[in-house]
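The values are calculated or read from the model by the stated rules, or taken from the named source; none is laboratory data. This is a predicted model, so every value here is computed, not measured. Don't worry about glycine lacking a Cβ; one is built from the backbone with ideal geometry, like all the others, and counts go over all protein chains shown. All accessible areas refer to the heavy atoms of the entire protein, side chains included, with ligands and DNA or RNA removed. Shrake-Rupley method; radii C 1.70, N 1.55, O 1.52, S 1.80 Å.
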Amino acid sequence: MRSGSFRGRQNAVKATVVLSLLCMAVAAMAAEPTPAPAAEALVFGGWRNLQTEAGYQPAQRNLAFAMLPQAATRGDRFAILDREGKRTVCCLQVASESLGVAALREQYHLPQAGVTDLSNGRSPARPYLPHVYAMQRVDELADYGFADVAGAYSDLGGLLLPDAAALAADGTEVRVGEGHYRLQFHRQPLADDDGALDRYTLQVLPAGDPVVVEVPFGTY
């Protein structure tokens with residue numbers, strides 16, 4: 001037997017083994033489950049109902065602005081919390097690009113107190129520096145009537161929730177899909193009787209890190 005013929009058969013066997021190993025590796029990779037995409041984090045924020053500063057013409061009232069912990073895009077929708085009515089109402093819809101101080105003053109002509117509220121400048125803790133957006137009232141919220149009770153603030157601003165959120169009948173729990181959050185509310189008067197700072201704490205159930213949203217209501 002010629003040595004060349006023997007080496008040829010060896011090479012053929014090696015090639016077959018390598019091809020078999022490659023096929024097995026490809027089959028194993030195909031059998032492995034593809035990781036599911038991470039669930040999109042729910043966004044909770046605050047909102048304020050404001051008006052142009054005194055003396056500006058034409059006067060504009062009921063201007064809604066969102067205060068969000070992260071960037072949003074036009075058309076994103078949120079439900080608001082009617083705390084007195086113990087329900088959520090849909091929707092506020094993002095209607096602008098992110099707004100800085102200059103735009104709030106020059107485009108919307110808000111008083112400085114309103115600009116300070118939207119930047120959460122009254123909070124000693126400030127859980128985040130808000131992304132501020134002009135919002136449009138749509139669907140049920142477009143002509144929604146809030147309860148007219150003493151001390152009610154819900155028509156002036158409050159907690160923003162994902163648009164599919166619902167509030168438990170007793171007002172102590174927020175439900176979004178399979179997620180449950182215990183809702184706690186605390187109102188702290190500002191110094192010199194200059195308004196109030198509302199703090200909403202959403203505790204993930206059964207256990208998890210809380211989400212804190214602060215909404216200031218300065219007087220002006």
Please find, among Arg105, Arg122, the residue that is charged (D, E, K, R) and in contact (Cβ under 8 Å) with a residue 40 or more places away in the chain. Arg122
Could you please tell me which pairs satisfy a Cβ distance under 7 Å, a separation of 6+ or placement on different chains, a first residue in the range 157-180 that is among the polar types (S, T, N, Q), and a second residue that is open to solvent by 20 Å² or more (accessible area, probe 1.4 Å)? Thr172/Arg182; Thr172/Leu183
Evaluation of Asp148 against (1) among the charged types (D, E, K, R); (2) farther than 16 Å from Gly46 by Cβ; (3) touching a residue at least 12 places away in the same chain (Cβ under 8 Å) (one fails), failing number: (3)
Report, by residue number, each residue of the range 54-97 that is among the aromatic types (Phe, Trp, Tyr) and open to solvent by less than 40 Å² (accessible area, probe 1.4 Å). Phe65, Phe78
Only unsatisfied item for Thr219, checking (1) closer than 28 Å to Ala54 by Cα; (2) of a type in the set (Ser, Thr, Tyr); (3) open to solvent by less than 20 Å² (accessible area, probe 1.4 Å), is (3)
Restricting attention to the range 185-198, does a residue exist that is of a type in the set (S, T, N, Q) and at pLDDT 95 or above? no
Starting from residues that are more than 15 Å from Pro69 (Cα to Cα) and buried (at least 16 other Cβ atoms within 10 Å of the Cβ), keep the ones in the range 145-162 and report whichever is modelled with the lowest pLDDT. Tyr153
Single residue of Ala54, Ala64 found to be outside any strand (DSSP E or B) and either among the aliphatic types (A, V, I, L, M) or at pLDDT 95 or above (or both): Ala54
Would the range 119-127 turn up any residue that is among the hydrophobic types (A, V, I, L, M, F, W, C) and not in a loop (DSSP other than H, G, I, E, B)? no
I'm checking my understanding of the structure. Among residues of the range 108-144 that are polar (S, T, N, Q) and modelled with pLDDT under 95, which one is most open to solvent (accessible area, probe 1.4 Å)? Gln112
